[in-house]
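The values are calculated or read from the model by the stated rules, or taken from the named source; none is laboratory data. Bear in mind the structure is a predicted one, so any value in this text is a computation, not a measurement. Cβ placement follows ideal geometry from the backbone for every residue including glycine, while neighbour counts extend to all protein chains displayed.
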Amino acid sequence: MIYKQTIETPSYLCDIDDRLHPWAAVRLCQEVTEYHGNATGIGFKTLLAQNQAWVIVRGLYNIYRLPDAFENIELSTWSRGNNGLIAFRDYRMTGADGEVLLTGTSHWPLIDMTTRRAMRLHSVIEHYENHDIMATEFASIDKIVMPAMTDNDIVAHHVAAYSMIDHTRHVNNSEYIKLLFDSLHTIGFDSNKPFRLELNYQLESRLGELLCIYHKVIDGVHYMQISNPRSSSVIARITPLTQILVNGDYVK
C-alpha cells in the first residue's frame, strides 16, 4: 500500500518568503508516516499499548523545491521492507502539476520503550505490504563520515525546551533540523536552491539539556553536529544538488 495525502501547505510552517521550512518538510514526512502506520495497524498508539515505538535513526531527503504557502501538494509514503531490525521507508512530495518537490528515504527500528533497544521486526510486520519502488537513488543510507569538530566550530547553543519534546519523551527529529537551518541561514545558506539533507540520529536528547551546534564547510558541503552533555545527538550533511529532477530523470 502506497499511502497518499493531499494537503494545502500551512502558512504557519512557512518562512519569511512564504515557503515551507526545510524542517517542516521533514516533519510532514513524519506526519504522513504516522497516518500510514495508523491505517495499517502499526501506529504509535497501537504499539505503545505493547510498550513499543518506531524511532528514526537515519534520513536522507532530496529537496528540489520547497512549496509555497497554501500550495496544494501530494505527499506519499511506503515501506520498502526491512532487514530484520530496520524498516526502510520512502517519501515523495509532488506539486499539483506532478512536479517532484522532494524525495526521501529513512531507516526506522522498532524499540522497546523500557530498554530503548531495537526489536526483531518479523513478528510485528510479518504480513506488511512492501513496495520495491525507490524514491531516491539510495537503497539504504550509509553512515555520514564527519570531519573532526572542535570548540572553534560551535556556532550556537540551545536548551532542549518543553515544546521540542514529542510523545517518545525526547527531542523530536524535526526540531534538530530547525536548529541546523537556523544556524545555516545566519551564514547566508539559500534553502530555495536544491539540496540534499542527510541525517544520522545517534543519541536521544532530553528535556532541559544544553545542545551545542557545530558547523564546518568542506568543498561546499556543510557538515553539522548537535551534541548534548552526554554525547553527539545528531550529525548532518547538507549538500547543494547539481542535478535536478525533470520528468523523473536526473539531468545536469
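Just a few scattered comments:
- Residue that is modelled with the lowest pLDDT [pool: residues in segment 99-139 that are within 15 Å of Trp78 (Cα to Cα) and small (Gly, Ala, Ser)]: Ala139
- Residue match in segment 36-51 (condition: on the phi > 0 side of the Ramachandran plot, touching an Asp or Glu at 6+ places or on another chain (Cβ under 8 Å) and surrounded by fewer than 16 Cβ atoms within 10 Å (Cβ to Cβ)): yes
- Enumeration of residues in segment 215-235 that are surrounded by 13 or more Cβ atoms within 10 Å (Cβ to Cβ) and touching a residue at least 24 places away in the same chain (Cβ under 8 Å): His215, Lys216, His222, Tyr223, Met224, Gln225, Ile226, Asn228, Ser232, Ser233, Val234, Ile235
- Pick from segment 35-79, criterion of a type in the set (Gly, Ala, Ser) and in contact (Cβ under 8 Å) with a residue 60 or more places away in the chain, ranking: farthest from His167 (Cα to Cα): Ala69
- Any chance Thr77 is in contact with a helix residue (DSSP H, G or I) (Cβ under 6 Å, 6 or more places away or on another chain), crowded, with 18+ Cβ neighbours inside 10 Å and in a strand (DSSP E or B): yes
- Here Thr115 meets the list (1) in contact (Cβ under 8 Å) with a residue 40 or more places away in the chain; (2) over 20 Å from Glu175 (Cβ atoms); (3) in a loop (DSSP other than H, G, I, E, B) almost entirely, failing just condition (1).
- Residues that are among the polar types (S, T, N, Q) and outside any strand (DSSP E or B) occur in segment 23-31; there is at least one.
- Residue match in segment 167-177 (condition: among the aliphatic types (A, V, I, L, M), more than 18 Å from Trp108 (Cβ to Cβ) and under 21 Å from the mean Cα position of the chain (by Cα)): no
- Criterion violated by Gln202 - all others in (1) modelled with pLDDT of 95 or more; (2) more than 17 Å from Trp108 (Cα to Cα); (3) not small (Gly, Ala, Ser) satisfied: (2)
- Phe70 vs. criteria on the phi > 0 side of the Ramachandran plot and part of a loop (DSSP other than H, G, I, E, B): yes
- Of all the residues in segment 80-101, those that are over 20 Å from Lys143 (Cα atoms), of a type in the set (A, V, I, L, M, F, W, C) and either buried (at least 17 other Cβ atoms within 10 Å of the Cβ) or touching a Gly at 6+ places or on another chain (Cβ under 6 Å) (or both) number 3.
- Screening the candidates Lys45, Lys4 for the property of being of a type in the set (Lys, Arg) and in a helix (DSSP H, G or I) yields one hit, Lys45.
- Among residues of segment 198-233, those that are in a strand (DSSP E or B) and not hydroxyl-bearing (Ser, Thr, Tyr), counted: 16
- Considering only residues in segment 143-169 that are touching a Lys or Arg at 6+ places or on another chain (Cβ under 6 Å) and in a loop (DSSP other than H, G, I, E, B), the one that is surrounded by the fewest Cβ atoms within 10 Å (Cβ to Cβ) turns out to be Pro147.
- Thr46 touching a strand residue (DSSP E or B) at 6+ places or on another chain (Cβ under 8 Å) and among the hydroxyl-bearing types (Ser, Thr, Tyr): no
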